[in-house]
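Working notes, beginning with the structure itself.
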Amino acid sequence: MKSHQIQVRVRYSETDQMGVVYHGNYIPYFEIGRVEWLRDKGISYKSLEENGIALPIVSMTLNYKKPARYDDLLTVKTKFRKHSSVKIEFDCEIWSEENELLTTAEFILVFVDLKTGRPVTPPDNVKVLLEEFQE
């Protein structure tokens, strides 16, 4: 399955005085989606880091369509788009309980060696997994 979804509830601390989710707080929602996409496929960020590999974001584009508000139950949908030798790309969406599209995003992440800070190819088990989902 190329996509995964998870629900998160908006906490009070994530909103502004109007009860609307502050724009910067969407990024952690999308991170939850990406981390859980990988976990669902048998790969954890923690295991990557224990093996000396980080997966930082090098590019992101967010489009806000409608606001999320305090106590909303959001569905974060994460879809694997593609990968190259050192990059992985995701398309993401956040939906309301009323099935309204609130926010879309695109992320590009790079596998990086924690010791050198340089891009590296992912471990073989990750490469095999990504090849399964490549279009």
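Things to note:
- The residues of the chain present an accessible area of 58 Å² per residue when probed at 1.4 Å with all protein chains retained.
- Compactness ratio for the range 1-112: Cα radius of gyration over 2.2 N^0.38 Å (N = residue count) comes to 1.09.
- Label-to-label distance, nm, for residues given as R118 and V58 (7 Å Cα→Cβ offset): 1.4
- Per-residue Karplus couplings for the range 38-43, computed as 6.51 cos²θ - 1.76 cosθ + 1.60 with θ equal to phi - 60°, are listed in order as 4, 4, 4, 9, x, 10 Hz, Gly and Pro entered as x.
- Cα centroid of the range 67-122 to Cα centroid of the range 23-40, whole Å: 6
- Relative protection proxy for 118-129, 12-23, 84-95, from highest mean packing down: 84-95, 118-129, 12-23 (other beta-carbon atoms within 10 angstrom).
- Rel. contact order, % - alpha carbon contacts under 8 angstrom, at least six apart, the chain: 28
- Portion, in percent, of the accessible area of the chain that falls on carbon or sulfur, probe 1.4 Å: 48
- Taking the longest Cα principal axis of the chain as reference, the axis of helix 124-133 is set at about 50 degrees.
The values are calculated or read from the model by the stated rules, or taken from the named source; none is laboratory data. These numbers were taken from a predicted model, which means no experiment stands behind them. Please note: Cβ atoms are built from the backbone with ideal geometry, for glycine as well, and neighbour counts cover all protein chains shown. Accessible surface areas use protein heavy atoms only, side chains included; no ligands, DNA or RNA. Shrake-Rupley method; radii C 1.70, N 1.55, O 1.52, S 1.80 Å.
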